[in-house]
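Undergrad: Input: one structure, supplied below.
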Amino acid sequence: MLTLPQEQRRALWRQLIDRIEHYFETIDQRHVSVPSNPEDIRAQLEPLDFLQPMKPEDAIAFVVDGLWQHQVHTSHARYYGLFNPNPTTMGIAADLLAAAFNPQLAAWSHNPLACEIEQHLVRQIGLRFGYDANSVAGSFTSGGAEANHTGLLCALTHTFPSFTDVGLRDIPGQPVLYVSDESHHSFAKAARLCGIGSEAVTHIPLNRSHVMDADALVVRIHRDRGEGKVPFFVVATMGTTNAGLLDPLNEIAEVAGRHDLWLHADAAWGGAAAFVPELRPCLGQIERADSITFDAHKWLSVPMGAGMFFTRHNDILDRTFGVDTQYMPLAREHPIVEPHRTTMQWSRRFIGLKVFLSLLVAGWDGYERALRHQTNMGDLLRDKLEAHDWRVVNHTPLPTVCFIDALAGANNSLERLSSIARQLVDSGKAWLSTTRIGGSVPVLRATITNYRTQPADLDALIADLNEARRSVG
Ligand SMILES: *Cc1c(COP(=O)(O)O)cnc(C)c1O
């Protein structure tokens, strides 16, 4: 039962592939999303008590129909959402292969090729950020949150070497880390998980461009030191989730250098700018960062579950995560990176394969063109919005566009903007959202997350927005 007879298995693979291909061929003709409610979904699940085995093809059909119905389709060309991609073809193939060959990446000796592919990618992508390929270290993570958590742990180990053995006991005061008001909330979780508590996370106010005010950072460091606290970590967010804005990394690096703080660049989405020559300058001297978070499952468009962590301190991962066991096979003859000693995870999926196959086939050039296309679509969206009396309120070279209704005057409340967004989302014609920049200014938010989005899609979005603003009054 756990494996199917050969003929049935062959038929099932074919059926599966046909259903996947059908999804991509027809998704744009369907609604981006359809409202779901938990009662309907639970009513479909309730009869499935596992007492009656189901035919494999019926089981697959049940799931495929359900996913069509109850999901925001991030592969749709009119999904303007939260950095979730339309997955690359090669990335999907890679995930299928990873499931079938099922390599176990805890120990190098079990899967030398998989481990070497991942380290090759760490070196190649690390180089694009300006790290030295001979000294860069890093790993694949479940996503940006794990990579940020890894950065925080490495900084604790680096700054307080006894941290790995005795924990916080020997730290001479309350440890403090600095993020901007627009940073990602995974740092609050990471601080909890590291045991320093979310109160250790200190928010530095934004300047008028809605990015970290480096002068305010300096003031805060002096104040905290004066109060006996122990600053050790600062985050430069390179592409904020809200508005695609970039903290002034070079200035923050100066401050970090002078005050002996570990600088972490959270480039989960915006890091892809490193692959496009004309966008690379917006990342500043990111190679000065002690560590970097980058998510391949965002702008590199590989399927979910592909974060990356990089650091230029090539012994820090082993110092942070290395523990000795009797049972793990170690490869002692050669200098290798042992995954279970250098990451938070133990048994690990071959995450890097989807990046490897996507890059092998698209090449740097294919990615450069796709990223540039999306950036151009972002610029075009800004132009079209302005031409139709919407006002763009964020200024970034990256394709996240925050805007308000220029015809509404003072009537740009979050409520009204949300009604506009809801009308589009409920109609299934597009998916976009609202947020508040800097915690205050309400805006509509659209990101070009799909490399297939074309000018005609943007025209449709503008037409739908214009109609929505009339109908909400
Ligand atoms: C998405 C994002 C994260 C979190 O990454 P996950 O892959 O969702 O865990 C962290 N920081 C920034 C800036 C992000 O955009």
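Undergrad: Per the 1.4 Å probe, what fraction of the accessible area of the chain, in percent, lies on carbon and sulfur atoms?
TA: On the way: 11850 of 21820 Å².
Here it works out to 54 percent.
Undergrad: To the nearest 10 square angstrom, what accessible area does Phe356 show with a 1.4 Å probe?
TA: Result for Phe356: roughly 50 Å² accessible.
Undergrad: Give me the aspartates and glutamates in straight-line cross-link reach of Lys229: C-alpha distance below 18 Å, same-chain residues under 8 apart excluded.
TA: Result set, ordered by chain and number: Asp170, Glu199, Asp260.
Undergrad: What translational diffusion coefficient, in µm²/s and rounded to a whole number, does the Stokes-Einstein relation yield for region 166-277 at 4 °C and a viscosity of 1.567 mPa s, taking the hydrodynamic radius as the Kirkwood radius over Cα pairs?
TA: On the way: Rh = 14.4 Å.
D, rounded to a whole number, is 90 µm²/s.
Undergrad: Once fully extended, how much extra length lies between Ala59 and Asp365, figured as 0.36 nm per residue of separation less the alpha-carbon to alpha-carbon distance? Walk me through the numbers before you get to the answer.
TA: Details: separation 306, 0.36 × 306 = 110.16 nm, distance 4.05 nm.
Gain on extension, Ala59 to Asp365, equals 106.1 nm.
Undergrad: Each residue of region 409-424 in order: what ³J(HN,Hα) in whole Hz does its phi give by Karplus 6.51 cos²θ - 1.76 cosθ + 1.60, θ = phi - 60°, with x for Gly and Pro?
TA: Once θ is set to phi - 60°, the couplings for region 409-424 become x, 7, 8, 9, 5, 4, 4, 5, 5, 5, 5, 5, 4, 4, 4, 5 Hz.
Undergrad: Does region 243-351 come out rounded, prolate or oblate by the C-alpha gyration tensor, with a ≥ b ≥ c the root eigenvalues, rounded set by a/c under 1.5 and, if not, prolate when a/b is larger than b/c and oblate if not? Don't skip to the end; give the middle numbers.
TA: On the way: a/c = 2.72, a/b = 1.54, b/c = 1.76.
Oblate shape, in that a/c is at least 1.5 and b/c is the bigger or equal ratio.
Undergrad: Round to the nearest 10 and report in Å² the accessible area of Ile196, as given by a 1.4 Å probe over the protein chains' heavy atoms.
TA: Only protein atoms counted, so the area is about 20 Å².
Undergrad: Continuing with this model, one more query. By how many nm would the segment from Val166 to Gln29 grow when fully extended, if each residue of separation counts as 0.36 nm and the alpha-carbon distance is taken off? Mind dumping the intermediate values first?
TA: On the way: separation 137, 0.36 × 137 = 49.32 nm, distance 5.80 nm.
Extra length from Val166 to Gln29 when fully extended: 43.5 nm.
Undergrad: How large is the dipole of the chain about the Cα centre if only Lys and Arg carry +1 and Asp and Glu carry -1, each at its Cβ, rounded to the nearest 20 debye? Before the final figure, lay out each step's value.
TA: Numbers: 42 positive and 53 negative charges, 26 e Å.
Roughly 120 debye for the chain.
Undergrad: Excluding same-chain residues fewer than 8 positions from Lys429, which lysines have a Cα within less than 23 Å of its Cα?
TA: Filter leaves Lys298, Lys384.
Undergrad: On average, how much accessible surface per residue is there in the chain, in Å², for a 1.4 Å probe, leaving out ligands, DNA and RNA?
TA: Details: 21820 Å² over 473 residues.
I get 46 Å² per residue for this part.
Undergrad: List every residue whose amide H lies under 5 Å from the amide H of Ile437, counting only residues 5 or more places away in sequence or on a different chain, with H placed 1.01 Å from N in the peptide plane.
TA: Val443
Undergrad: Right, next: What shape does region 1-70 have by the C-alpha gyration tensor, where a ≥ b ≥ c are the square roots of the eigenvalues, rounded means a/c under 1.5, and otherwise prolate means a/b greater than b/c and oblate the rest?
TA: Values: a/c = 4.84, a/b = 1.18, b/c = 4.10.
Verdict is oblate for region 1-70.
Undergrad: Note the full-extension length gain between Ser413 and Asp315 as 0.36 nm times their separation in residues minus their Cα-Cα distance, in nm to one decimal.
TA: On the way: separation 98, 0.36 × 98 = 35.28 nm, distance 5.05 nm.
Length gained, Ser413 through Asp315: 30.2 nm.
Undergrad: Note down the accessible area of Leu113, probe 1.4 Å, to the nearest 10 Å².
TA: 120
Undergrad: Calculated from DSSP H runs of 4 or more alone, at -39500 (n - 2.57) each and per residue, what is the 222 nm mean residue ellipticity of the chain, nearest 500?
TA: Numbers: 15 runs with 203 residues, N = 473.
Here the helix-only value at 222 nm equals -13500 deg cm²/dmol.
Undergrad: Nearest 5 percent is fine: what portion of the DSSP beta bridges confined to the chain is antiparallel? All intermediate terms of the calculation are to be shown ahead of the outcome.
TA: Details: 24 of 41 bridges.
Around 60 percent antiparallel, to the nearest 5.
Undergrad: Please give the FRET efficiency for Ser109 paired with Met304, using the beta carbon to beta carbon distance and R0 = 30 Å, rounded to the nearest 0.05. Could the numbers behind the result be given before it?
TA: Details: r = 29 Å, r/R0 = 0.95.
My answer for the efficiency is 0.55.
Undergrad: Students sometimes get this wrong: rank Met212, Met1, Met304 by accessible area, probe 1.4 Å, all chains present, largest first.
TA: On the way: Met212 0, Met1 190, Met304 105 Å².
Largest accessible area first, the list is Met1, Met304, Met212.
Undergrad: Sort all Cα-Cα distances of the chain into consecutive 10 angstrom bins from zero, then give the percent of pairs in each bin up to the one containing the longest distance.
TA: Computed distribution, short to long bins: 4, 18, 26, 25, 18, 7, 1, 0.
The values are calculated or read from the model by the stated rules, or taken from the named source; none is laboratory data. These numbers come from a predicted model, not from an experiment. Positions of Cβ are backbone-derived with ideal geometry, glycine not excepted, and every protein chain shown enters the neighbour counts. Keep in mind that these areas ignore ligands, DNA and RNA; they rest on the heavy atoms of the full protein, side chains included. Shrake-Rupley method; radii C 1.70, N 1.55, O 1.52, S 1.80 Å.
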